[in-house]
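A.B. asks: I am attaching a structure below and will ask some questions about it afterwards.
The values are calculated or read from the model by the stated rules, or taken from the named source; none is laboratory data. Just so it is clear, the model here is predicted, and its values are computed rather than measured. As a convention, Cβ positions derive from the backbone with ideal geometry for all residues, glycine included, and neighbour counts pool all protein chains shown. Remember, those area values only see protein heavy atoms, side chains included, never the ligands or the DNA or RNA. Shrake-Rupley method; radii C 1.70, N 1.55, O 1.52, S 1.80 Å.
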Amino acid sequence: MDLDQAARTSWIDNGWVHVVGSLDLDDIERLLDVVGDLVAWADSDGPGLHHFEQTDHGPAIARAERFADDHAELGAFVRSGPPAALVAALLDEPAVLFKEKVNYKQPGGAGFAPHQDAAAYRFVDHHVSVMVPLDAATVDSGCLWFAPGHREGAMETEPGGRLTEAEAGRLDWRPLEVEPGDLVAFDSYAPHHSDTNRSAP
């Protein structure tokens, strides 16, 4: 994957990069179809791990994990498709899948407090996450917020991994709104958070 200088500068300075229009409409429509397979698995005790949350509109599927070995098409996409190509371009070495996940973030779906992903995995000290939005993510629907300019390593956290109020308060938080077809890669030390999806059902 070819990245322009602005993308590489964002990665170096901020620990995250937003690549617009990496996937075309056919790609998005196909991914929506195959993600529907995971929803069917969740409803029928099929393969993978599936998590539900309680919202104002009732229980809603919130997350699917560990599906790459059971779904050939999605497995190929996360291991050798555009997400892997983006990480390889950023790190200048082949990407290896560590964990795959689909976040559904339906109306009423919860956000998460400011944190760094590095603290979540005891056996991996550094990794890169790639978000592949299949719907537009806006401030109203609970998009990600990042703090530009922070590449200082681990920050002070409270029990449970969230940043302390003092650490979170000193950062210049900005929303990152994205469209289907975009890709967002972020370093495991890039602080980020999101809000509840307040869009209409």
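A.B. asks: Return the residue satisfying two criteria in turn: it lies in region 140-153 and is under 19 Å from the mean Cα position of the chain (by Cα) and small (Gly, Ala, Ser), and of such residues it is surrounded by the fewest Cβ atoms within 10 Å (Cβ to Cβ).
C.D. replies: Keep residues of region 140-153 that are under 19 Å from the mean Cα position of the chain (by Cα), which gives 140-148, 150-151.
Subset that is small (Gly, Ala, Ser): 141-142, 147.
On the way: 141: 20, 142: 23, 147: 22.
Applying the filter and picking the extreme gives 141.
A.B. asks: Moving on. Only one of 76, 118, 110 is loosely packed, with under 15 Cβ neighbours inside 10 Å and touching a Ser or Thr at 6+ places or on another chain (Cβ under 8 Å). Can you tell me which? I'd like the intermediate steps shown before the answer.
C.D. replies: Working: 76 fails: touching a Ser or Thr at 6+ places or on another chain (Cβ under 8 Å); 118 fails: loosely packed, with under 15 Cβ neighbours inside 10 Å.
None of the other options fit; the residue is 110.
A.B. asks: Have a look at 39, 78, 35, 102 and point out the one that is in a strand (DSSP E or B) and of a type in the set (Val, Ile, Thr).
C.D. replies: Going through 39, 78, 35, 102 in turn, just one is in a strand (DSSP E or B) and of a type in the set (Val, Ile, Thr): 102.
A.B. asks: Another question about this same structure. Taking the conditions exactly as written (out of contact with any helix residue (DSSP H, G or I) (no Cβ under 7 Å at 6 or more places or on another chain) and more than 14 Å from residue 186 (Cβ to Cβ)), does residue 154 satisfy them or not? It would help to see each step written out before you state the result.
C.D. replies: On the way: out of contact with any helix residue (DSSP H, G or I) (no Cβ under 7 Å at 6 or more places or on another chain): no; more than 14 Å from residue 186 (Cβ to Cβ): yes.
Taking the combined requirement at face value, the residue does not satisfy it.
A.B. asks: Can you tell me which residue is nearest to residue 6 (Cα to Cα) among those in region 20-34 that are out of contact with any strand residue (DSSP E or B) (no Cβ under 8 Å at 6 or more places or on another chain) and not aliphatic (A, V, I, L, M)?
C.D. replies: Quick first cut of region 20-34, residues out of contact with any strand residue (DSSP E or B) (no Cβ under 8 Å at 6 or more places or on another chain) only: 20-21, 24-34.
Those still in the list that are not aliphatic (A, V, I, L, M) too: 21, 24, 26-27, 29-30, 33.
Numbers: 21: 15, 24: 22, 26: 27, 27: 25, 29: 29, 30: 30, 33: 33 Å.
Looking at residues that are out of contact with any strand residue (DSSP E or B) (no Cβ under 8 Å at 6 or more places or on another chain) and not aliphatic (A, V, I, L, M), I get 21.
A.B. asks: Under 30 Å from residue 81 (Cβ atoms), in contact with a strand residue (DSSP E or B) (Cβ under 9 Å, 6 or more places away or on another chain), modelled with pLDDT of 95 or more and open to solvent by 10 Å² or more (accessible area, probe 1.4 Å): does that describe residue 175?
C.D. replies: Details: under 30 Å from residue 81 (Cβ atoms): yes; in contact with a strand residue (DSSP E or B) (Cβ under 9 Å, 6 or more places away or on another chain): yes; modelled with pLDDT of 95 or more: yes; open to solvent by 10 Å² or more (accessible area, probe 1.4 Å): yes.
Judged against the criteria, residue 175 is a match.
A.B. asks: Looking at residue 149 and the list (1) at pLDDT 95 or above; (2) of a type outside the set (Phe, Trp, Tyr); (3) farther than 30 Å from residue 201 by Cβ, which single condition is not satisfied?
C.D. replies: Of (1) at pLDDT 95 or above; (2) of a type outside the set (Phe, Trp, Tyr); (3) farther than 30 Å from residue 201 by Cβ, only one is false for residue 149: (1).
A.B. asks: Cβ-Cβ under 6 Å, sequence separation 6+ or interchain: first residue in region 89-111 and without any contact (Cβ under 8 Å) to a residue 60 or more places away in the chain, partner crowded, with 19+ Cβ neighbours inside 10 Å and β-branched (Val, Ile, Thr). Which pairs?
C.D. replies: 95/87; 97/78; 100/78
A.B. asks: Could you list all residues from region 1-32 that are surrounded by 14 or more Cβ atoms within 10 Å (Cβ to Cβ), among the β-branched types (Val, Ile, Thr) and assigned to a helix (DSSP H, G or I)?
C.D. replies: Of everything in region 1-32, just one residue is surrounded by 14 or more Cβ atoms within 10 Å (Cβ to Cβ), among the β-branched types (Val, Ile, Thr) and assigned to a helix (DSSP H, G or I), namely 28.
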